[in-house]
1. Pairs of alpha-carbon atoms within less than 8 angstrom and 6+ residues apart define the contacts here; what relative contact order does the range 1-134 have, in percent?
2. Can you give the Rg to Rh ratio of the range 66-160, both from alpha-carbon atoms, with Rh computed by the Kirkwood formula?
3. Assign one of three labels to the range 1-87, namely rounded, prolate or oblate, based on the Cα gyration tensor with a ≥ b ≥ c the square roots of its eigenvalues; rounded applies when a/c is under 1.5, prolate when it is not and a/b is larger than b/c, and oblate otherwise.
4. Just how many % of Cα pairs in the chain lie over 29 Å apart, if you round to the nearest whole percent?
5. Mind giving me the nanometre distance, one decimal, between the label points for Arg158 and Leu62, set 7 Å out from Cα along Cα→Cβ?
6. In nm, to one decimal, how far is the modelled label at Val108 from the one at Phe30, with both set 7 Å along Cα→Cβ?
7. Using mean Cβ contacts within 10 Å as the protection proxy, how do 137-148, 116-127 order, highest first?
8. Would you mind checking the tilt of helix 5-27 against the longest principal axis of the Cα atoms of the chain, expressed as 0 to 90 degrees and rounded to 10?
Amino acid sequence: MHPAFSIIFFTSAAGAGYGLLALLGLLAPFGLLPASPLFGLAALALALGLVVAGLLSSLAHLGRPERAWRALSQWRSSWLSREGVAAVATFLPAGVFAIAWLFLGSGVAGVAGWITAAMAAVTVYCTAMIYASLKPIRQWANPWVPRTYLALSLMTGRCC
């Protein structure tokens, strides 16, 4: 199998971005990150920048990107659609988390951070399930794929 570069970039960039977003969402409410607004702005910009770059790469991979919105309507039966819905839905709590962390304080940031971390994990899980559901590729059709994707997302997010 020879995956397209855009898919490799999407999986790597979005995975790292969601991993960093999850770590920020989990650690910031406990005061385990620098309190500097500059750090928060840089970390959130990096995380969301990686996510957006990955999602744009995925969109560019489609044969007809103008029809991408239709993929979101199949969320009951398609892991690709679930991933798209989760990716878009993650931006709402991430935005609230960013505003709260940078401007409001730890109370609202804590709840929004935990929701952001959970939504980031759901999105990465959906990405993993796209590959795990490919029956013709025996190495991917196993229960370790989602666990590995989640672990790699956190590891690459930590390295950012």
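The values are calculated or read from the model by the stated rules, or taken from the named source; none is laboratory data. None of the values given here were measured: they were computed from a predicted structure. So basically every Cβ, Gly included, is an ideal-geometry build from the backbone, and we count neighbours across all protein chains shown. Surface areas here come from the heavy atoms of the whole protein model, side chains and all, with no ligands, DNA or RNA. Shrake-Rupley method; radii C 1.70, N 1.55, O 1.52, S 1.80 Å.
1. On the way: 167 pairs, mean separation 46.7, N = 134.
Worked out over the range 1-134, it gives 35 percent.
2. Details: Rg = 15.5 Å, Rh = 14.6 Å.
Ratio of gyration radius to Kirkwood radius: 1.06.
3. Numbers: a/c = 2.64, a/b = 1.99, b/c = 1.33.
It is prolate, given that a/c is not under 1.5 and a/b is the larger ratio.
4. Details: 2353 of 12720 pairs.
Percent of Cα pairs beyond 29 Å in the chain: 18.
5. 3.5 nm
6. 2.4 nm
7. Numbers: 137-148: 13.0, 116-127: 24.3.
Answer by packing, highest mean first, reads 116-127, 137-148.
8. 30 degrees
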